[in-house]
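To keep things clear, I will list the structure first and then write my remarks on it.
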Amino acid sequence: MEPDHRCPDRRRLLTGAAALAASAALVPFTAAGAGAAAHRPAPGGGVYPPHQWVPASPSNFTAAKRPTKYPVEMVVVHVTQETYKNTLKLFKDPRHKAAAHYLVRSADGKIAQCVRERDVAWHAGNWDYNTRSIGIEHEGWIDDPTWFTDPLYEQSARLTAAVCDRYRIPKDREHIIGHVEVPGTDHTDPGEFWDWARYLMLVNEVSWRGIG
């Protein structure tokens, strides 16, 4: 979505974009307990950064048994066009009909998990892509790069690296994409100011250093 920068609470939510970058492969974890932060190693060696379980309404995702029922093959990067707080409210609203697996806060990189990775989050606007991806929302607006802070990039990159490790997803721009690249979408996030080169470098750097 592309809400007005000055009226965030009236914006819908969820976005995408494109650019350059890096390489490699990897996998995620099921959800943490209610309200608890998690820091768990993934089967492929990746470690999830601490995150809080803040469940979305069951009306905003489809219960599934991934990767048994559907393979998990990509990560979709979004920008909320909303505040972190309001995004969580939207995900909890059964009338919203959309939610992502994760949400990253701008100020400090805090991560909320809203949908279990085994379930199909309604984040991409394309059912096929929803079934095969993990959606990560980032607090901010696509026309204002000040929202894309160091903590946001770093914590999101750690999360994406762990997801890729868990599901053996190559860490490149063919498999880590923006919402804008999803066929049939009218979204443009994460927008021109999202630094894809930096992001992919961080994602791959996490694996090289084996950071948890």
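The values are calculated or read from the model by the stated rules, or taken from the named source; none is laboratory data. The shown structure was predicted, so the numbers you read here are calculated from the model rather than taken from an experiment. Virtual Cβ from ideal backbone geometry, glycine too; neighbours counted across all protein chains shown. Heavy atoms of the whole protein, side chains included, go into the accessibility calculation; ligands, DNA and RNA do not. Shrake-Rupley method; radii C 1.70, N 1.55, O 1.52, S 1.80 Å.
Reported count of residues in the stretch 98-108, each being more than 14 Å from ALA56 (Cβ to Cβ) and either within 12 Å of the chain's Cα centre (by Cα) or open to solvent by 20 Å² or more (accessible area, probe 1.4 Å) (or both), is 4. Between ARG66, ARG95, the distinction of being surrounded by 17 or more Cβ atoms within 10 Å (Cβ to Cβ) and farther than 22 Å from GLY140 by Cβ belongs to ARG66 only. The single condition among (1) in contact with a strand residue (DSSP E or B) (Cβ under 8 Å, 6 or more places away or on another chain); (2) buried (at least 23 other Cβ atoms within 10 Å of the Cβ) that LEU152 does not satisfy is (2).
Out of all the residues in the stretch 125-144, is one or more touching a Ser or Thr at 6+ places or on another chain (Cβ under 8 Å), more than 24 Å from ASP93 (Cβ to Cβ) and either surrounded by 24 or more Cβ atoms within 10 Å (Cβ to Cβ) or among the polar types (S, T, N, Q) (or both)? No: zero hits. The condition (being of a type in the set (A, V, I, L, M), at pLDDT 50 or above and over 26 Å from GLY184 (Cβ atoms)) is satisfied by just one residue among VAL79, VAL47: VAL47.
Comparison of ALA161, ALA112, ALA121 shows that the only residue that is closer than 20 Å to LYS97 by Cα and crowded, with 24+ Cβ neighbours inside 10 Å is ALA121.
Given the condition within 23 Å of TYR48 (Cβ to Cβ), of a type in the set (Phe, Trp, Tyr), crowded, with 17+ Cβ neighbours inside 10 Å and in contact with a Lys or Arg (Cβ under 9 Å, 6 or more places away or on another chain), answer yes or no: does some residue in the stretch 186-205 qualify? Checked the stretch 186-205: at least one residue is within 23 Å of TYR48 (Cβ to Cβ), of a type in the set (Phe, Trp, Tyr), crowded, with 17+ Cβ neighbours inside 10 Å and in contact with a Lys or Arg (Cβ under 9 Å, 6 or more places away or on another chain).
For first residues located in the stretch 165-176 and touching a residue at least 12 places away in the same chain (Cβ under 8 Å) and more than 12 Å from ILE134 (Cα to Cα), partners that are open to solvent by 40 Å² or more (accessible area, probe 1.4 Å) and not small (Gly, Ala, Ser) and lie 6+ apart or on another chain with Cβ distances below 7 Å form the pairs ARG173/LEU20. Residue pairs whose Cβ atoms lie under 7 Å apart, separated by 6 or more positions or on different chains, with the first residue in the stretch 177-188 and of a type in the set (Ser, Thr, Tyr) and the second open to solvent by less than 20 Å² (accessible area, probe 1.4 Å) and outside any loop (DSSP other than H, G, I, E, B), are THR185/HIS179.
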